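Worksheet: the structure to be examined is printed underneath.
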Amino acid sequence: MKNLHGNFWLIPYLYEGGMSETESKARILVVDDDSEIRELTRLVLTGSGYDVDLATHGSEALDRIALMPYDLVLLDINMPGMDGWETLRLIRADVDLDHMPVVMFSVKGQVVDKMQAMQEGAVDYIPKPFEVDVLASRVGRVLEGQA
Amino acid sequence: MKRPEDYRTGYLKMRSVLHDRATSLPAFPMVLDELRRMLDQRRFIGVLHFGIDGIEMVESLYGWQVLDQVLRRTAEVLRDQCASTLPEGSVLALDRVAGDEFLAFVPETFEQHEVDGGFLADLGDRILERLRSEVADSDFDDMAATLDFQRGYAVLSLSPYHRFERRVYTAVAESRSREQRVRERRERSNGEELRRIIDDSAVRMLFQPVVDLETEEIHGYEALARGPQDSMFEMPSTMFAWSGRVGVDAALDRLCREVALGEPAVASYDGKLFLNVLPESLDDPEWALDDGLISRNGIDRSRLVLEVSDRGTEDPARLVERMERLKELGFALALDDIGTGYAGLAAAEKVRPDYLKADASLVRGIESNAIKQEIFASLIQVAERLDAQVVAEGVESAAEADALRAMGAGLAQGYHFAGPGPMASFGGKKSRDH
């Protein structure tokens, strides 16, 4: 057992998979027009210990972000109305949100999309369909500031 | 009825076209009101215009990220100057978002009553000096030969017969055209210098090892041209950027080829030689000749890897056709600069090259950049499908090399392994210890 320096309240966390639970209560916004993907993504990410909000299109995402910035936004590219690229551009236009990490996820998966994602200031690009573990680990990596 | 959220979206849209992210400067329509107020109390405002020479070159050679860095640094220097050299109350702006023209609006001050041409020219020169020494020659000295700044100026005065905005536009245009005249003069003299280099065959060749990431053995060498030492044309990127402008592309490309293949150490080397070739040069009948440059130097075609960049080719279909023909002749082909342009991989699918060369901008810091890793992974997938080998260019650190090896890149080149040097300097086939 590590020396807890009197922090006995830590003990339950140490037994239940370390401190990840307290550390990882990061807030994530998932933006996708496909309800199945939205739900699946939410399940995976809440299962990994994150707080997850959902938005069905770009302008709803901007509204939610305006209320309170997120630790990470997962943004689909192909959406009716305001698509992922425009949403990303508008997020980046906000001085306060310039550094909020945005990860694009899309079925498109073309290299050109990945290059554009880099150019528009996304920090990662996760192709859909994704494997559950891949999504969780890559989101985790971005949140740790590794991306 | 508009919802408040709609206004917010509208605001962000406006902001995205009027506020530049890289430099944090406003586009100049944003400062019109400030200028109007400035003119309320004064007769004249000076307009200083700073343009960056060779900006298209920097972007096409080094990628947009590097250009953004140059613009950011330029804005920093100008901000410093705004606080020190420029008269109090001066206002900085960009011509447009993501644009490359910087504007400084300079009011008359108590000490400086006359904002006239002479005053503005001097002021502009002083700032130009700072830009050159602090941006072009220090932070980005590797591209110092490509990168330069110019200045222009104009005087803006109020007139009751003209709309204020149009007075501003006219003054900005005048300052820009004054700057462009300086630039054109420079271009003419550079063109002449390049022609002289070609006439005198003043090009040397250096060679950089292409290394197997697993064994660290040398797989081959890339021939890299160098112009006269300490001239602005020392780096091939600059030479070729200018040769395109001046219209001596074909002659320069041919000269480089002759020098590379004429190198005695090349003839005695039995590995792969990567040779950069302009897409247009692929049409040269020379390639097919049995008594041409290649066989005359005792080189086997199958040892040559012709490297073609997809940059600047308007017609990928034409490139594919040309590359097909050369493959039939027995050359190996490499597609260069992948990861910078959009066309690269699309062309790769059709051309089926033997090598895909990933651009240094994609490799830089890849160990800690998720999106670059994602792009690189796609590249490896494409390569596997095409049965091509991936060469990662510009590897400068062990961390980059490790990440690339882990992702399955087969080959690499860069300073981490060995910089370009004379062929003889590499001696054996083993790569340099590091």
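The values are calculated or read from the model by the stated rules, or taken from the named source; none is laboratory data. These figures come from a predicted structure and were not determined experimentally. Positions of Cβ are generated from backbone atoms using ideal geometry, with glycine treated the same way; all protein chains shown enter the neighbour counts. Note: areas computed on protein heavy atoms with side chains; ligands, DNA, RNA excluded. Shrake-Rupley method; radii C 1.70, N 1.55, O 1.52, S 1.80 Å.
Okay, here's what the table says:
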| item | result |
| --- | --- |
| Computed helical MRE - 222 nm, chain B, DSSP H runs ≥ 4 contributing -39500 (n - 2.57), nearest 500 | -13500 deg cm²/dmol |
| Spin-label model distance (nm) - B:V320 vs B:A424, 7 Å beyond Cα toward Cβ | 4.6 nm |
| Mean shadow area of chain B, taken as a quarter of the surface of its Cα convex hull (nm²) | 26.4 nm² |
| √(5λ) per eigenvalue of the Cα gyration tensor, the stretch B:200-426, largest first, Å | 26, 20, 18 |
| Diffusion coefficient, µm² s⁻¹, Stokes-Einstein with Kirkwood Rh over alpha-carbon pairs of the stretch A:29-147 at 25 °C and 0.890 mPa s | 175 µm²/s |
| B:E258-B:R96 FRET efficiency (beta carbon distance; Förster radius 45 Å; 0.05 resolution) | 0.55 |
| Cα-Cα over 22 Å, subset of A:K108/B:K2; A:K128/B:K357; B:K327/B:K372; A:K114/B:K350; A:K108/B:K350 | A:K108/B:K2; A:K128/B:K357; B:K327/B:K372 |
| Nearest-ten-degree value, helix B:164-199 long axis tilted from longest Cα axis of chain B | 30 degrees |
| Normalised contact order of chain B, rounded percent, pairs of Cα under 8 Å and 6 or more residues apart | 12 percent |
| Global geometry of the stretch B:4-191, whether rounded, prolate or oblate, following the gyration tensor of its Cα atoms and the 1.5 cut on a/c | oblate |
| Ranked order, A:I126, A:I37 - accessible area, probe 1.4 Å, largest first | A:I37, A:I126 |
| Average accessible surface area per residue within the protein assembly as shown, 1.4 Å rolling probe, Å² | 46 Å² |
| Mean Cα-pair separation over length for the stretch B:1-105, i.e. relative contact order, pairs under 8 Å, 6 or more apart, % | 39 percent |
| Stokes-Einstein translational diffusion, the protein assembly as shown - Kirkwood Rh over all Cα pairs, 0.890 mPa s, 25 °C, in µm²/s | 90 µm²/s |
| Cα→Cβ-extended label distance, 7 Å offset, between A:V132 and B:Q381, nm | 2.2 nm |
| Gyration tensor over alpha-carbon atoms, the stretch B:263-374, equivalent ellipsoid semi-axes in Å | 28, 18, 10 |
| Pair B:N297, B:R36: separation of 7 Å Cα→Cβ label points (nm) | 6.6 nm |
| Between A and B, accessible area buried - total, square angstrom, nearest 100, 1.4 angstrom probe | 2600 Å² |
| Computed E for B:S24/B:V182 - FRET, C-beta separation, R0 22 angstrom, nearest 0.05 | 0.20 |
| The stretch A:25-52 versus the stretch B:77-105: alpha-carbon centroid distance in Å | 44 Å |
| Protein accessible area in chain B, 1.4 Å probe - carbon and sulfur % | 49 percent |
| Accessible surface ranking that places the most exposed of B:T215, A:T87 first, with a 1.4 angstrom probe | B:T215, A:T87 |
| Residues in the stretch A:87-104 that a label on B:K2 would reach, taking backbone N under 20 Å of a point 7 Å out along Cα→Cβ | A:87, A:90-91, A:93-95 |
| DSSP-loop chymotrypsin sites (Phe, Trp or Tyr not before Pro) across the stretch B:141-237, with at most 11 other Cβ within 10 angstrom | B:Y161 |
| Drop in accessible area of at least 20 Å² in the complex versus isolated chain, residues of the stretch B:367-405, 1.4 Å probe | B:S368, B:A370, B:I371, B:Q373, B:E374, B:I375, B:S378 |
| Computed FRET value (nearest 0.05) for B:R405 with B:D270, which takes r as the C-beta separation and R₀ as 30 Å | 0.70 |
| Trypsin sites (Lys or Arg not before Pro) restricted to DSSP loop in the stretch B:147-184 with at most 15 other C-beta within 10 Å | B:R163 |
| Cα long-axis angle, helix B:236-246 against chain B (0 to 90 degrees, to the nearest 10) | 70 degrees |
| Relative contact order computed over the stretch B:4-191 (Cα-Cα under 8 Å; 6+ residues apart), in percent | 29 percent |
| Environment charge at B:E101 (Cβ cut-off 12 Å; Lys +1, Arg +1, Asp -1, Glu -1) | -1 |
| Full-stretch length increase - B:T170, B:R352 - with 0.36 nm per residue and alpha-carbon distance subtracted | 60.3 nm |
